[in-house]
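**Student:** My questions all concern the structure below.
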Amino acid sequence: MCNPRDDWGFGPGFPFGSRWWAGAWQGRGRGPRRRSQMFESGEVKFVILRLLKEKPRHGYEVIKALEEKFGGYYTPSAGTVYPTLQLLEDEGYVRAVETDGKKVYHITPEGETYLDNHRDLLEDILDRVRETVRDFTGGGLGEVQGSFVHLAGVTFKRAWRRGPDDPALKRVSEILRKAAADIEQAWGGGEGAGQRGSGSGAEQAS
């Protein structure tokens, strides 16, 4: 079982060491799977119980904590979290305490027992989600992701160090525009265009 203080296996280094890319991907309304399908029916309650066992939280804190625990690869909707919290309360596995005008949810002894009795199921759920992310980011897409992370790192890291007036910034902008044009051509032009794209912008950017 994961340590209550760890990152649930989705922290730095999973799967490419960049939560930034995951955030950029989700910013376009996508994720490893559609967000509503990250968990099968009835599974998210185990994950939320696991979170509340660490410490009490109100609904919005549950949403943000789950996003953080999953390294940015999954952001649950309010329409998933709040009904699940109500269900857990109805089942006696959590209790809501009014604090500063908000319902703060605490796991009950019954909830801890229920979670402990299903810890193998919870671990299976987390393992499956990790595999889902790995599958999604593997193969050719994984290579693209890794290359993009590297490009972003060498571009912005050095740009911040050099400052806004460095003359090299103009040349870097030209390289990036050329690389973007080559990538557009690769998407529409088949294998030959892809080879041309990888031989121009990528080499110049490195």
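The values are calculated or read from the model by the stated rules, or taken from the named source; none is laboratory data. Because the structure is a prediction, the values reported are computed rather than measured. Because the Cβ atoms are built from the backbone with ideal geometry, glycine has one as well, and the counts that use them run over all protein chains shown. Keep in mind that these areas ignore ligands, DNA and RNA; they rest on the heavy atoms of the full protein, side chains included. Shrake-Rupley method; radii C 1.70, N 1.55, O 1.52, S 1.80 Å.
**Student:** Could you tell me whether L87 is open to solvent by less than 10 Å² (accessible area, probe 1.4 Å) and within 25 Å of T113 (Cβ to Cβ)?
**Tutor:** So L87 fails the test.
**Student:** Return the only residue of A65, A96 being more than 16 Å from G42 (Cα to Cα), open to solvent by less than 50 Å² (accessible area, probe 1.4 Å) and under 19 Å from the mean Cα position of the chain (by Cα).
**Tutor:** A65
**Student:** Can you find a residue that is open to solvent by 30 Å² or more (accessible area, probe 1.4 Å), within 17 Å of K55 (Cα to Cα), in a strand (DSSP E or B) and not hydroxyl-bearing (S, T, Y) anywhere in the range 105-118?
**Tutor:** There is at least one residue in the range 105-118 that is open to solvent by 30 Å² or more (accessible area, probe 1.4 Å), within 17 Å of K55 (Cα to Cα), in a strand (DSSP E or B) and not hydroxyl-bearing (S, T, Y).
**Student:** Considering only residues that are surrounded by 19 or more Cβ atoms within 10 Å (Cβ to Cβ) and part of a loop (DSSP other than H, G, I, E, B), which ones fall in the range 68-79?
**Tutor:** Across the range 68-79, the qualifying residues are F70, G71, G72, Y73, Y74, P76.
**Student:** Need the failing condition index for F70 against (1) among the hydrophobic types (A, V, I, L, M, F, W, C); (2) at pLDDT below 85; (3) touching an Asp or Glu at 6+ places or on another chain (Cβ under 7 Å), just the number.
**Tutor:** Looking at each condition in turn, F70 falls short on (3).
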